[in-house]
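Encoded as structure tokens, the structure appears first; notes follow it.
The values are calculated or read from the model by the stated rules, or taken from the named source; none is laboratory data. Predicted, not measured: the structure shown is a model, and the values here were computed from it. Cβ placement follows ideal geometry from the backbone for every residue including glycine, while neighbour counts extend to all protein chains displayed.
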Amino acid sequence: MDDKDFQVSSEIFEENDYVVVTKKPILSENNVVSKFNFYRPRCGLAIDADGDLNVLRRNPRTPPSPTDFIEIEHKKSTVLGMVGLQVWRGAFLLADWLMHYHETIPKGSYVLELGSGVGFTSIVASMFFPVICTDVNRGDILRLIECNVHRNENHVKNPIEVLELDFTSDRLPEEIVKHLPNVGVIIAADTVYDDSLTEAFIRTIQRLLSTTRAQSSVYVALEKRYVFTVADCDTVAPCYDYYLECLEKLTNVKCEPVPLTFPQYFQYQRAKELVLWKVTAL
């Protein structure tokens with residue numbers, strides 16, 4: 001079997017049984033529908049007497065708000081090139097960040113998601129902002145996003161525009177460029193798993209940050225994936241290491257890891273391998 005034909009599956013289904021057998025997929029009978037529970041935040045943000053931003057923490061003695069859920073149609077396994085048709089841990093981490101810090105994003109702005117996959121994180125973002133949800137148009141992925149948006153219309157409080165954005169293209173689509181002056185934050189999850197795609201992804205970030213409003217930021221959530229290599233005689237995370245190399249080549253930006261101290265609202269295992277990076281235009 002060629003490596004390109006090798007099937008891979010997200011680890012989240014080893015942790016929890018998210019699949020709802022009574023729910024039927026809309027787009028393909030080969031898909032499954034999963035239910036992802038979450039708690040709505042009971043905390044917010046306030047400005048203190050000195051004008052500084054304070055996060056209002058949830059009282060640990062207060063029980064969490066009632067459980068809600070998002071339903072997502074997706075594949076349970078795919079070839080490596082189509083992993084966007086699955087749900088991965090980085091999307092949950094980014095969703096937690098959005099839940100907790102959405103009030104730090106300028107009001108009236110848009111959220112732009114890169115490599116949106118099945119649309120999970122864009123649906124969360126739409127609870128607070130209009131969203132431009134993008135991915136490459138392969139494997140019916142854009143139609144799948146639209147199906148999932150429709151399935152969760154009770155959560156979608158702002159418009160979600162689904163557009164194609166191919167990282168390997170030399171130019172940004174005009175449909176996306178026209179929105180960039182209104183974009184308050186750019187997000188991406190689980191887009192680092194192939195070195196050639198990582199290069200294209202970083203080039204896309206550079207183009208976007210050179211076009212968006214001053215001091216715009218991209219938040220990138222991903223999971224370090226370790227393998228043992230004979231060459232290194234050690235367990236390493238080569239895709240993540242290459243991602244860091246590519247970040248170092250960016251110009252006129254500041255790159256920094258984000259502490260994962262914000263609460264967890266979605267039910268998943270927040271593994272120590274999960275990381276969140278902030279890339280800000282200077």
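Considering the conditions (1) at pLDDT below 95; (2) in contact with a His (Cβ under 9 Å, 6 or more places away or on another chain); (3) not hydroxyl-bearing (Ser, Thr, Tyr), Val192 is excluded by exactly one of them, (2).
The residue that is modelled with the lowest pLDDT, among those in region 74-92 that are touching a Lys or Arg at 6+ places or on another chain (Cβ under 7 Å) and either outside any helix (DSSP H, G or I) or under 27 Å from Thr261 (Cα atoms) (or both), is Val79.
Condition check for Thr78 on (1) under 12 Å from the mean Cα position of the chain (by Cα); (2) surrounded by fewer than 22 Cβ atoms within 10 Å (Cβ to Cβ); (3) hydroxyl-bearing (Ser, Thr, Tyr): one failure, at (1). Can you spot a residue in region 181-202 that is in a helix (DSSP H, G or I), over 26 Å from Leu144 (Cβ atoms) and hydrophobic (A, V, I, L, M, F, W, C)? No, because not a single residue in region 181-202 is in a helix (DSSP H, G or I), over 26 Å from Leu144 (Cβ atoms) and hydrophobic (A, V, I, L, M, F, W, C). Inside region 204-227, residues that are among the aromatic types (Phe, Trp, Tyr) and in a strand (DSSP E or B) make up a count of 1. Per this entry, Ile202 is not counted among residues that are at pLDDT 95 or above, under 23 Å from Phe128 (Cα atoms) and not acidic (Asp, Glu).
The sole residue among Gly108, Gly117 that is at pLDDT below 95 and part of a loop (DSSP other than H, G, I, E, B) is Gly108.
A quick yes/no check of all residues on (1) assigned to a helix (DSSP H, G or I); (2) more than 16 Å from the chain's Cα centre (by Cα):
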site	(1), (2)
Thr121	yes, no
Met127	no, no
Cys133	no, no
Glu146	yes, yes
Val156	no, yes
Phe167	no, no
Asp170	no, yes
